[in-house]
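Below: the structure, in structure tokens.
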Amino acid sequence: MKLVTWNTQWCLGLDGMVSPLRIVEEARALADFDVLCLQEIASGYDRMPGAPGDQPAELRALLPGFQLFFGAAVDEFDAAGRRMRFGNLIATRLPVAQARHHPLPWPADSAVSTMPRMCTVVTLTSPGLGPVRVMTTHLEYYSANQRAAQTRALRALHVEACQQAAAPPKAEHDHSPFQPKPHTQHAILCGDFNMPATDPAQAVIQQGFDLVTPGGGPGARLHDAWPALHGERPHDPTFRLFDKRYGSDPAAFDFFFVSETLVPRLTRIEVDGRTRASDHQPVLLELEG
């Protein structure tokens, strides 16, 4: 299974052109992906640089055979009543069992400019792995306090899902919303975390936990996929590689985390350090199965 995650900067390249087509083409050049996780997808923000259009609709047309799930962290209206949305998108050609969109904490921080953040979760079925939860997110850039709260919430979502997998609710086979749901400890969390791997909040995401279920036992905690495959080799940079508006030093802000159950299945993780189709670089993850 191959996944690509990419903060697209609303598909705005460093040449000033907005092109969802270019994003899809560059992602496909990196890998024949089964899952594409995109952050900063826009609709209705015509006054932003490049005047992005309805990007979820454009991407749907560009990805035949894929199901698309757009989670708008920001969903607002201007004075004329025009709707504007901004958030994350997951596209996959694998069978999908369910999708959920989770708003993340947004504690007050009057010292900086911020916006709401969220996590889109799609439970899909891999032929070799069975049900897998794919979670994509984009955390706050300007507020460390908000970012820390959001990392705690992401971990809590994963812990809750693992507990559901270990002790699923009573199944009601009545064709109602109470019907059985797919629960799994197999999880992949990816996106733009807006912090380096050394940030203490990264350690929070990867903290171990015990299952509060009959029989207990450890849950499938999350691991940074990069050191799991590359050991002590530093993460390849994904931000400020070419665009120096936010600092001169390249940094790794975009990550894949995988549950402990999937670490033995990791076969490849790499960064495309070539493309300039966004101010971030895409990251590829490959798992056996």
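Remarks
- Among 87-97, 13-23, sorting by the average number of other beta carbon atoms lying within 10 angstrom of each residue, highest first, gives 87-97, 13-23.
- Toward the positive end of the charge dipole of segment 1-108, with +1 on the Cβ of Lys and Arg and -1 on the Cβ of Asp and Glu, the farthest Cα among Pro103, Leu21, Val4 is that of Pro103.
- Debye log10 I(q)/I(0) at q = 0.08, 0.12 Å⁻¹ for the chain, Cα point scatterers: -0.33, -0.75
- Dipole moment magnitude, nearest 20 debye, the chain about Cα centre, only Lys, Arg, Asp, Glu C-beta charged: 260
- Helical segments meeting 27 Å axial Cα length and Kyte-Doolittle 1.6 threshold in the chain (DSSP H): none
- If you take all other residues with their beta carbon under 11 Å from the beta carbon of Phe257, and give Lys and Arg +1 and Asp and Glu -1, the sum is 0.
- Antiparallel content of DSSP bridges confined to segment 119-276, in %, to 5: 75
- Binning the C-alpha pair distances of segment 227-289 at 10 Å intervals from 0 yields a P(r) profile of 21, 47, 25, 7, 0 %, listed from the shortest bin outward.
- Anisotropy class of segment 26-170 from Cα gyration tensor, a/c 1.5 cut: oblate
- Relative packing of peptides 119-127, 241-249 - highest average C-beta neighbours within 10 Å first: 119-127, 241-249
- Percent of Cα pairs exceeding the 15 Å cut-off, where the set is segment 183-270: 64
- Within the shell defined by Cβ-Cβ distances under 11 Å, the residues around Asp75 carry a net charge of +1, with Lys and Arg each +1 and Asp and Glu each -1.
- Among 202-210, 26-34, the order from most to least packed when residues are scored by Cβ within 10 Å on average: 26-34, 202-210
- Projected area, mean over directions - segment 165-230, Cα convex hull, nm²: 6.6
- Global form of segment 66-141, assessed from the alpha-carbon gyration tensor, a/c cut-off 1.5: oblate
- Around Ala99: net Lys/Arg minus Asp/Glu count, Cβ-Cβ under 12 Å: +3
- Restricting attention to segment 1-159, close to 85% of DSSP beta bridges with both partner residues there are antiparallel.
- Taking the Cα centre of segment 1-50 as reference, the dipole from Cβ charges on Lys and Arg (+1) and Asp and Glu (-1) amounts to some 40 debye.
- Ellipticity estimate at 222 nm from DSSP helix runs (n ≥ 4, -39,500 (n - 2.57)) divided over the chain, nearest 500: -5500 deg cm²/dmol
- Take the Kirkwood radius over Cα pairs of segment 34-108, plug it into Stokes-Einstein at 25 °C and 0.890 mPa s, and you get 181 µm²/s for translational diffusion.
- For segment 93-186: rounded, prolate or oblate by the Cα gyration tensor [a/c cutoff 1.5]: prolate
Every read-out reported here was derived from the displayed coordinates using simple, explicitly stated rules and does not represent laboratory data. Since the model is a prediction, treat every value here as computed from it, not as a measurement. So basically every Cβ, Gly included, is an ideal-geometry build from the backbone, and we count neighbours across all protein chains shown.
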